[in-house]
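Enquirer: Following this message is one structure expressed as structure tokens.
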Amino acid sequence: MADEVSIDVAQFHTRLASLITQWKADKRSGNNVFGDANSIAIVMGKSDPDTTGFHKANATQFWLLGYEFPATLMLFTMETMYIVTTQKKATYLEPLKGGKTNVEIMVRSGKDEAGNMKQLEKVMDIIKNAGKKVGVITKNLSSGPMVQQWATAFGDISKEVEEVDISPALSAVMAVKDENELRSISSASRASANIMQDYFIDTMSDILDKEKKITNRALADKVSNKLDDDKFFRQTKMPSNFDSMQLDWSIHPTVMSGGNFDLKLSSEPDDNNLHAGVIISALGLRYQTYGSQVARTYLVDPTKQQESMYKLLLNVHETVIKEMRDGVVARDVYSKALQVIKNKKPELEKNFVKSVGAGVGIEARDNTLALNAKNQRTLRDGMTFTITTGFSDLQNPQAKNQKRDGTYALMLSDTVRVTTGSDAFVYTKHAAMDTEATMFFFNDEEEEVKEEKPKQKKDSRVGAVASSNITKTRLRGQGGATQNEEKEQARREHQKELHAKKQKEGSEKYVEGHGNLNGVEEKKFKRFESYKRDMNFPPRVKDLIIVVDAKNSSVILPIMGRPVPFHINTLKNATTSTEGEFCFLRINFLSPGQGVGRKDDSAPFEDPSAQFIRSLTFRSKDTDRMESVKDQITEMKKVSLRREQEKKEMEDVVEQDKLIEIRNRRPHRLDNIYMRPAMESKRIGGHVEIHQNGLRYQHLGNARVDILFSNVKHLFFQPCVGELIVIIHVHLINPIIIGKRKTKDVQFYREATEMQFDETGNRKRKHRYGDEEEFEAEQEEKRRRAQLDKEFRNFAEKIADAGKGEGLSVDMPFRDLGFNGVPSRSSVTIQPTTDCLIQITEPPFMVVSLNDVEVVHLERVQFGLKNFDMVVIFKDFTRAPVHINTIPVESLDGVKDWLDSVDIPFSEGPLNLNWTTIMKTLVADPHAFFADGGWNFLAAESDDEGSEEEEEESAFEVSEEDMASEESSDDESDFDEEASAEASDEEASDEEEGEDWDEMEKKAAKKDREGPEDDDRRKKSNGKKR
């Protein structure tokens, strides 16, 4: 046995010296950690096999000695360490004597209880002589005769000495790990990650793919048995001196699925079968007594909501890891994680874990280093933690099986080390947690199976004659009209279905009592504080004059002999007027019901029924002074409004994560690139690089712009066909700041002109010989453009390949479906893509995602107009509609066909509508809007207009007939009216015959005899009839 136990004496004295050094330093600095303890007593009872994990007593023994010594008492003073143990254990501890710190070993007998009590009395005397405070572990989990005897002996002197909890001090001493400890934690973490990544995922996916039946407990046991597979660990990448025999479970494997989730990992796996939905697996290995932990959530055929929740958790988890730096306070780490949730989904705050991690070492979880909202411990370089983030009790309304899938949880856990400066080092990074590695889709093929369209049967009578030559109409000229009518009828039927579907979705989504749309908060009363107390007033208020304090955004007015401050946000404006020798300064305040403009409701009031001061007027003979005060108030109001506007504009700007650069190889790069929006006023070229998680643009001035794949919503490639530039365009989810402005669109382009490809030093050739050279130059230009398109397209595909984990793909515009329009200031070509409607040739750019579109309305569609307008209404009704004006009427059918092909309901009308009022009404009460018919009023308006036009035309024809009958009887008709009547008669019937030349000459002569006055009078009368 003596040969088996070998204590590292040098390591023991190094760590013992570290303990005493930190103890003394704490006494000098104010006893913040050790609690002014004069001695430390740690008693360890019998080892209990039922006790899971490690606690402070045996953790301290492992830290100092490398082994657990049951039934042993360790007493520390500033000068000496006393160890009370049995004879056999004393032989193992004998080599510890003679070091820098004195070590005394007291041997106790197992049978001589009286002698043992005398030893303990001697220990008590040492404690009393050391001082009045002794540090003990208040929550000692060990038991046995040794612990009972200690409790009896210590009870006799409990009135003479005071107990203090030494657990936080021991935790602080053992928190910062040395090289050997870090190496052990690294090995334990790597082994845990290997089991999770290389064994559990393969086993779980095989079970689900083959639809095997296995319980959560049985699967956890299979993972647990992997500990004895030495061959598995030898096949994985582990250190050369790694010994799998020193592995043990720190956290026994657990598998959770089917709605039963415990993120505290305190319960055993249940006996239900593994359910294909949300699956959480957690485990932790211990190597040379140092623990680790890793947990992953795997999503099988997740819904869009579950994917969104997991991406949010991934963002929170990465945020916590980035905050784990030297000098950061523990509670600040938790606050940072909570802030990410509040910014993106504040309703999930109640579902978030109460702690995002704790210290890890010999103890699997050191709660004195918990990363919660209260812990004020400071992180130090060399500390190790388990980072655990998760959401519990999440609801899945789209679940088919509400019992097993209706409620779910998400969890991620990693073992990390705190470092200086940069992010924490993740020991368990081998266990991937990105969406590509944690989401499994087994039902894709079933969902993508579509019904095959039955093939049209050939007519046996046709024979070898082309079927297209046989028309369904008797006359060849009627074929086109009939096909157009059929096409129009099919489009109308499809649009009716789309409108009915949209109406049904709106009625189901916005039920009665829904209130304001999308949970948009109503405007709340804002409280403004000018000064916390009167001593903060400027000194000039003693003179009882009007003081404009721009620093505190306040105006101090003398009222009834007292200075009264008013915040600038309570003021509306200030005006001056002169009467006689006096100048009057009128200060107007904001009050309810004051204005009639659009901004009247911009400042809600706490109690609108209270009494308000509308204005205050001050009189002075010093006109210059009054004018100066007015100007100062006006300027301060402008600054305040500008500041509020800037703050509002920057609300949706989200700080991006850090770009992970590629170090092991040269990144893919595209040179000679320009970016829009430009970073500087001058146009400076640069290059774009593809890194692990995003793009980096760097121009010659060394300024950089990073774009992460997780923030990219759409990626477009537009070739230079018909354009002067070739473009790679990135449309973002959240805007970023470039220069001093925010933008959601970033574009990389290169000009496709001949100057860009000049291979002759920009010199023009002196002689050109005819058409041959022009033809060669044209062919060379085509070749260059094709080469440029190929280069940019390949680079765009490389971007999509690097960002495929975020679902990134390249989208190209369909130029054949494009049409001209004015979305902003100038007429541009607007082109549809697979998922969007875009204009990325000229700024400002326009990118409309088709998935975000609710309906489209075409305005000014009526006979005789050369242009029409398009209004795009979004599913997010709080978002302003997009207007595309002045579209040529020749594009009307093409626009309708495209909208119908992408299943977007559209309507048309002859007038421009007031969309601001319409959207305000919709946002105020969406239920009432859809209850009254929803978007059907747009189609109804166009139908009514068409019927009114038909009625007017029919009435006009009747009046012409009456006029024609009167003219035939009275013989007082002018040539124009008869001509129009004849035209209408000819159109009505082809069988009627026209008048001969003699009759027409007589009528023309009669018209010549009539004067111009009669002609004017007759025209006026015709206008009245119409």
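Enquirer: Can you find, within segment 313-328, the residue that is nearest to Asn711 (Cα to Cα) among those that are part of a helix (DSSP H, G or I) and open to solvent by 10 Å² or more (accessible area, probe 1.4 Å)?
Expert: If we take residues in segment 313-328 being part of a helix (DSSP H, G or I) and open to solvent by 10 Å² or more (accessible area, probe 1.4 Å), then Asn315 is nearest to Asn711 (Cα to Cα).
Enquirer: What is the one condition in (1) under 33 Å from the mean Cα position of the chain (by Cα); (2) under 29 Å from Tyr749 (Cβ atoms); (3) of a type in the set (Val, Ile, Thr) that Ile887 does not satisfy?
Expert: Here Ile887 clears every test but (1).
Enquirer: Is there any pair linking a residue in segment 536-560 that is farther than 15 Å from Gln632 by Cβ to one that is assigned to a loop (DSSP other than H, G, I, E, B) and not aliphatic (A, V, I, L, M), with Cβ under 7 Å and at least six apart or on different chains, and which?
Expert: Pairs found: Phe537/Tyr531; Leu544/Gly561.
Enquirer: Asp801 versus (1) more than 23 Å from the chain's Cα centre (by Cα); (2) free of Cβ contacts under 8 Å to residues at least 12 places away in the same chain: which is the lone unmet condition?
Expert: That leaves (1) as the condition not met.
Enquirer: Kindly provide the set of residues from segment 624-673 that are modelled with pLDDT of 85 or more, among the polar types (S, T, N, Q) and either under 27 Å from the mean Cα position of the chain (by Cα) or assigned to a helix (DSSP H, G or I) (or both), ordered by number.
Expert: Ser628, Gln632, Thr634, Ser640
Enquirer: Still on this structure: Checking Ile20 against (1) part of a helix (DSSP H, G or I); (2) farther than 16 Å from Pro168 by Cβ; (3) touching a helix residue (DSSP H, G or I) at 6+ places or on another chain (Cβ under 8 Å), which test does it fail?
Expert: Unmet condition: (3).
Enquirer: I'm trying to understand the selection: among the residues of segment 331-357, which are open to solvent by 80 Å² or more (accessible area, probe 1.4 Å) and more than 30 Å from Ser187 (Cα to Cα)?
Expert: Gln339, Lys342, Asn343, Lys344, Glu347, Lys350 - these are the residues of segment 331-357 that are open to solvent by 80 Å² or more (accessible area, probe 1.4 Å) and more than 30 Å from Ser187 (Cα to Cα).
Enquirer: With respect to Arg417, determine if the residue is more than 25 Å from the chain's Cα centre (by Cα) and under 20 Å from Val255 (Cβ atoms).
Expert: The answer is no for Arg417.
Enquirer: Here's something else I'd like to know. Counting just the residues of segment 79-91 that are charged (D, E, K, R) and under 60 Å from the mean Cα position of the chain (by Cα), which one comes out most open to solvent (accessible area, probe 1.4 Å)?
Expert: Ranking the candidates gives Glu79 first.
Enquirer: Would you mention how many residues in segment 151-194 are touching a residue at least 60 places away in the same chain (Cβ under 8 Å) and closer than 30 Å to Pro253 by Cβ?
Expert: 22
Residue by residue, here is whether (1) aromatic (Phe, Trp, Tyr); (2) assigned to a helix (DSSP H, G or I); (3) farther than 21 Å from Thr386 by Cα; (4) open to solvent by 10 Å² or more (accessible area, probe 1.4 Å) holds:
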| site | (1), (2), (3), (4) |
| --- | --- |
| Ser184 | no, yes, no, no |
| Ser192 | no, yes, no, no |
| Leu208 | no, yes, yes, yes |
| Glu211 | no, no, yes, yes |
| Arg217 | no, yes, yes, yes |
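Enquirer: Pairs please, first residue from segment 202-224 and under 16 Å from Tyr298 (Cα atoms), second anywhere and among the polar types (S, T, N, Q) and open to solvent by less than 40 Å² (accessible area, probe 1.4 Å), Cβ atoms under 7 Å, 6+ apart in sequence or on different chains.
Expert: Asn216/Ser257; Ala220/Thr254
Enquirer: Within segment 90-104, how many residues turn out to be assigned to a loop (DSSP other than H, G, I, E, B) and small (Gly, Ala, Ser)?
Expert: Matching residues across segment 90-104 total 2.
Enquirer: If a residue counts only when it is in contact (Cβ under 8 Å) with a residue 12 or more places away in the chain and under 25 Å from Lys504 (Cα atoms), which strands (runs of 3 or more DSSP E) contained entirely in segment 836-925 have at least 2 such residues?
Expert: So the answer is 846-849, 853-859, 867-874, 906-908.
Enquirer: Is there any pair with a first residue in segment 782-795 that is touching a residue at least 60 places away in the same chain (Cβ under 8 Å) and a second that is in a helix (DSSP H, G or I) whose Cβ atoms are under 9 Å apart and which are 6 or more apart or on different chains, and what are they?
Expert: Leu788/Gln756; Leu788/Phe757
Enquirer: I'd like to check something: does segment 249-264 contain any residue that is part of a loop (DSSP other than H, G, I, E, B) and closer than 30 Å to Asn180 by Cα?
Expert: Yes, segment 249-264 contains at least one residue that is part of a loop (DSSP other than H, G, I, E, B) and closer than 30 Å to Asn180 by Cα.
Enquirer: Quick check: anything in segment 358-378 open to solvent by less than 30 Å² (accessible area, probe 1.4 Å) and free of Cβ contacts under 8 Å to residues at least 40 places away in the same chain?
Expert: yes
Enquirer: Mind checking whether some residue in segment 92-106 is surrounded by fewer than 19 Cβ atoms within 10 Å (Cβ to Cβ), more than 25 Å from Met124 (Cβ to Cβ), under 49 Å from the mean Cα position of the chain (by Cα) and without any contact (Cβ under 8 Å) to a residue 60 or more places away in the chain?
Expert: Taking every residue of segment 92-106 in turn, none turns out to be surrounded by fewer than 19 Cβ atoms within 10 Å (Cβ to Cβ), more than 25 Å from Met124 (Cβ to Cβ), under 49 Å from the mean Cα position of the chain (by Cα) and without any contact (Cβ under 8 Å) to a residue 60 or more places away in the chain.
Enquirer: Report yes if Asp434 is closer than 29 Å to Val653 by Cβ and acidic (Asp, Glu), otherwise no.
Expert: yes
Enquirer: From Ser468, Ser507, grab the single residue that is modelled with pLDDT under 50 and not in a loop (DSSP other than H, G, I, E, B).
Expert: It is Ser468.
Enquirer: When you check Ile904 against the structure, is it on the phi < 0 side of the Ramachandran plot and crowded, with 21+ Cβ neighbours inside 10 Å, yes or no?
Expert: It is false that Ile904 is on the phi < 0 side of the Ramachandran plot and crowded, with 21+ Cβ neighbours inside 10 Å.
Enquirer: Ala59 versus (1) among the aliphatic types (A, V, I, L, M); (2) within 23 Å of Val173 (Cα to Cα); (3) without any contact (Cβ under 8 Å) to a residue 12 or more places away in the chain: which is the lone unmet condition?
Expert: With respect to (1) among the aliphatic types (A, V, I, L, M); (2) within 23 Å of Val173 (Cα to Cα); (3) without any contact (Cβ under 8 Å) to a residue 12 or more places away in the chain, Ala59 is out only on (3).
Enquirer: Checking the condition polar (S, T, N, Q) and modelled with pLDDT of 85 or more, which residue from Thr138, Thr101 passes?
Expert: Only one candidate passes the filter, namely Thr101.
Enquirer: Filter segment 551-573 for residues that are surrounded by fewer than 14 Cβ atoms within 10 Å (Cβ to Cβ) and within 18 Å of Ser628 (Cα to Cα) and give the result.
Expert: Lys551
Enquirer: Within segment 392-420, track down each residue that is in a strand (DSSP E or B), surrounded by fewer than 24 Cβ atoms within 10 Å (Cβ to Cβ) and not aliphatic (A, V, I, L, M).
Expert: Listed by number, the residues that qualify are Ser392, Asp393, Gln395, Thr407, Arg417, Thr419.
The values are calculated or read from the model by the stated rules, or taken from the named source; none is laboratory data. This is a predicted model, so every value here is computed, not measured. Cβ sites come from the backbone with ideal geometry, for glycine too, and all protein chains shown count toward neighbours. Accessible surface is based on the protein model in full, side chains and every heavy atom, while ligands, DNA and RNA are left aside. Shrake-Rupley method; radii C 1.70, N 1.55, O 1.52, S 1.80 Å.
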